[in-house]
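One structure below.
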Amino acid sequence: MNDHSVAAAYPSLRSARYAQYLLAFVTLYTTMDVGVGKLLLEPMKVDLGMSDVEVGFANVTANYLTYGLLAIPAGLLADRYSRVRLMLLSLLLWTVGLIAVGAAPSFEAVVAGKLVLGAAMALSYPAIMSLFADYFAPDRRATATATIPIAQTVGAAMAVLIGGLGFSVLTEWVERDPDILWGIAPWRALLIGFAIGGLLLIPFLARLKEPQRMEAGEAQGGKLRELWAYRRFLAPLIVGIMALSGVASGVTIWIAPALMRLYGQEPGDFATWMSALALVTGLGGAYLSGQLAQRAHGRGVNMMAPAAIAAAIGTIGSFVAMMPDVLWFGIAMGIASLANAVAIAIPVIAVNYRIPNELRGLTMGLYIVLLAIVGGVMAPLVAVASDYLGGEMMLGRAMALVGVPFSLLATLCFWKAARAPGGAAPDPAPAFDHNDMTNLTGKA
C-alpha cells in the first residue's frame, strides 16, 4: 500500500480537525480544573479546618494514587475499547469529582472526590493520545498532537487567571450580600461552576466518531526484560524525572498558599501576572527544550547534559517562598518554571531517540506510575517539614528543605544518564522536529 492510499484510509481532514480542537479543549478544561483546585487550597483548608498535611494528602496524594494505579490499565482499555466512550466516562467522572470536592463537608469527602478526579485523569490521557494516532496520518500527526501540550500550558495559565479573578469576584459578592450564593462558600461555588462546564462539553464529545484503528499489529509489545538492556541510561533518567516531577507537583502546589499566607496576597492579586508567567514559561520551555535537544544532537553533545544544567538552575524554585517580596518571588518562579520545563521535557525527547518504538509505551507507563508515587508523597512531606520547623508560617523554609535535595538529585541523575553509554542516540538517529511534542505531557 502506497503513502497516498494509507493517508486515504484515515478519517477526513475535517473530521480530524474537529477531533483535534475538541480534544485540545477538553485537555485545556481538565488542566484548568486541576490548576483551580491548587489555587483554592488555602480557603479550602480554612473552611474545612484541615491541617497542611491533610491538605497535601487530599489534594495531591489521593489524586496521584488513583492516577498511578490506573495509568497502565487505562492504557490497556484504550487499546481495546472505544476511546470516545472512555472520554465520555472521563468527563462524567470529572464532573462527579469536582462536585464532590466542592460540596465536601470534611477532609474524607475531599479525598473521595480527588480519588475520582485521579481516575478521570488516568482514563483521558491514553484515550486522547490513541485517538490522535488514528485520526491523523503520520505526516500530520506530530503537528496535530502538539496541540495537547499547548492546551495544557494555556489551561494552567487560565486556571490562575480565571480562578483567581473569579474567586475574588465571588468573595466580593458574598461580602456585600452573604446570601447571594445561597450560603455556598466562594471556593465551593467556583468548583461547582467548573463541574457544570464539564457537562456542557459532553454533547460535543458525543458527536465524535470512533475512528478505525490504524497501523495495527506493528508494535511487538515491549517486555520489562527487554528494557534491561537500556538500564544504564534509563535508570538514572527515570529517577531524575521522578525527582524533578516530584518537585514540580509536590512543592509548587504550595505556591498559592505561600503567597496568601506569607505575603498577604489574595488570588485576585496574583492571578494576572502568574497566569502570564505560566503561559510564557510553559510555551517557552516546550520550544526551548526541542531546540536544545536538536542542537545538542547535531553537535554530537549528549542532550541529557542540557537537562542536567536546566535542573540545576531550576533549584531556585525551591526558594521562591523565601524571597523578600512578591517581585522577587515572581522572578525566581519564572526562572525556575522555564528551567524545569526544559529539564522535564528533554529526558522524554531522549527516550524517543534511544528507546525502540515498541518499548516506549511501556517506558512511559512505568514513568507515570513512578511519578504518581513520588508526586503523591511530596506535598504532604512539605507539610510535615513545615510542622517540624515550627508551624504553618515556616512553609517557605519547608519548600526549600524538601525541594532542594530532590532538584539536586535530578541534576546528578541527568548527568549520570548523559555519561551512560545509552545516553546518546545511536547513529544514524532520526532528525528531531521540535514541533513533535507528542510525549512532552508527562503531568497530571
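Answer with yes or no whether G396 is farther than 22 Å from A310 by Cβ, modelled with pLDDT of 50 or more and assigned to a helix (DSSP H, G or I). Against the criterion (farther than 22 Å from A310 by Cβ, modelled with pLDDT of 50 or more and assigned to a helix (DSSP H, G or I)), G396 qualifies. Among the polar types (S, T, N, Q), out of contact with any Leu (no Cβ under 6 Å at 6 or more places or on another chain) and buried (at least 22 other Cβ atoms within 10 Å of the Cβ): is that true of T252 in this structure? For T252, the condition - among the polar types (S, T, N, Q), out of contact with any Leu (no Cβ under 6 Å at 6 or more places or on another chain) and buried (at least 22 other Cβ atoms within 10 Å of the Cβ) - is met.
The set of residues in the stretch 197-217 being in contact with a helix residue (DSSP H, G or I) (Cβ under 8 Å, 6 or more places away or on another chain) and within 30 Å of V169 (Cβ to Cβ) consists of G197, G198, L199, L201, I202, F204, L205.
Taken together, the residues in the stretch 258-283 that are surrounded by fewer than 22 Cβ atoms within 10 Å (Cβ to Cβ), under 22 Å from A379 (Cα atoms) and not small (G, A, S) amount to 6. At pLDDT 85 or above, within 21 Å of G403 (Cα to Cα) and in contact with a helix residue (DSSP H, G or I) (Cβ under 8 Å, 6 or more places away or on another chain): does that describe L237? Yes. Taking residues in the stretch 294-321 that are farther than 18 Å from L408 by Cβ and among the charged types (D, E, K, R), and partners anywhere that are modelled with pLDDT under 95 and surrounded by 24 or more Cβ atoms within 10 Å (Cβ to Cβ), the pairs with Cβ atoms closer than 9 Å and at least 6 places apart or on different chains are R295/M303.
The residue of the stretch 253-287 that is farthest from the chain's Cα centre (by Cα), among those that are polar (S, T, N, Q) and part of a helix (DSSP H, G or I), is T272.
Restricting the stretch 333-382 to residues that are polar (S, T, N, Q) and farther than 23 Å from G314 by Cα, which is modelled with the lowest pLDDT? Filtering first and then ranking leaves N357. For A332, the requirement of being part of a helix (DSSP H, G or I), within 13 Å of A410 (Cα to Cα) and not hydroxyl-bearing (S, T, Y) is not met. Of all the numbered requirements in (1) buried (at least 24 other Cβ atoms within 10 Å of the Cβ); (2) in contact with a Pro (Cβ under 8 Å, 6 or more places away or on another chain), L77 misses one, and that requirement is (1). Of the residues making up the stretch 186-214, those that are surrounded by fewer than 19 Cβ atoms within 10 Å (Cβ to Cβ) and basic (K, R) are R207, K209, R213. May I ask you to list the residues in the stretch 257-308 that are within 30 Å of P186 (Cβ to Cβ) and aliphatic (A, V, I, L, M)? Correct list: A258, L259, M260, L262, A271, M274, A276, L277, A278, L279, V280. Among the residues in the stretch 271-285, are any in contact (Cβ under 8 Å) with a residue 60 or more places away in the chain, in the same structural domain as V348 (by TED's automatic domain parsing) and farther than 17 Å from S337 by Cβ? No, because not a single residue in the stretch 271-285 is in contact (Cβ under 8 Å) with a residue 60 or more places away in the chain, in the same structural domain as V348 (by TED's automatic domain parsing) and farther than 17 Å from S337 by Cβ. Taken over the stretch 288-304, the criterion of being more than 25 Å from G250 (Cα to Cα), outside any loop (DSSP other than H, G, I, E, B) and hydrophobic (A, V, I, L, M, F, W, C) is satisfied by L292, A293, A296.
Restricting the stretch 163-179 to residues that are among the β-branched types (V, I, T) and surrounded by 15 or more Cβ atoms within 10 Å (Cβ to Cβ) leaves a set whose member that is farthest from the chain's Cα centre (by Cα) is V174. Is the stretch 134-145 home to any residue that is hydrophobic (A, V, I, L, M, F, W, C), closer than 17 Å to F194 by Cβ, outside the structural domain of A276 (by TED's automatic domain parsing) and surrounded by fewer than 19 Cβ atoms within 10 Å (Cβ to Cβ)? Within the stretch 134-145, none of the residues are hydrophobic (A, V, I, L, M, F, W, C), closer than 17 Å to F194 by Cβ, outside the structural domain of A276 (by TED's automatic domain parsing) and surrounded by fewer than 19 Cβ atoms within 10 Å (Cβ to Cβ).
If you check A311 against the conditions, is it over 16 Å from the mean Cα position of the chain (by Cα) and either over 19 Å from I331 (Cα atoms) or not in a helix (DSSP H, G or I) (or both)? Spelling it out, it is not the case that A311 is over 16 Å from the mean Cα position of the chain (by Cα) and either over 19 Å from I331 (Cα atoms) or not in a helix (DSSP H, G or I) (or both).
The values are calculated or read from the model by the stated rules, or taken from the named source; none is laboratory data. The model shown is predicted, which means the values in this text are computed figures rather than measured ones. All Cβ positions, glycine included, derive from the backbone under ideal geometry; neighbour counts span all protein chains shown.
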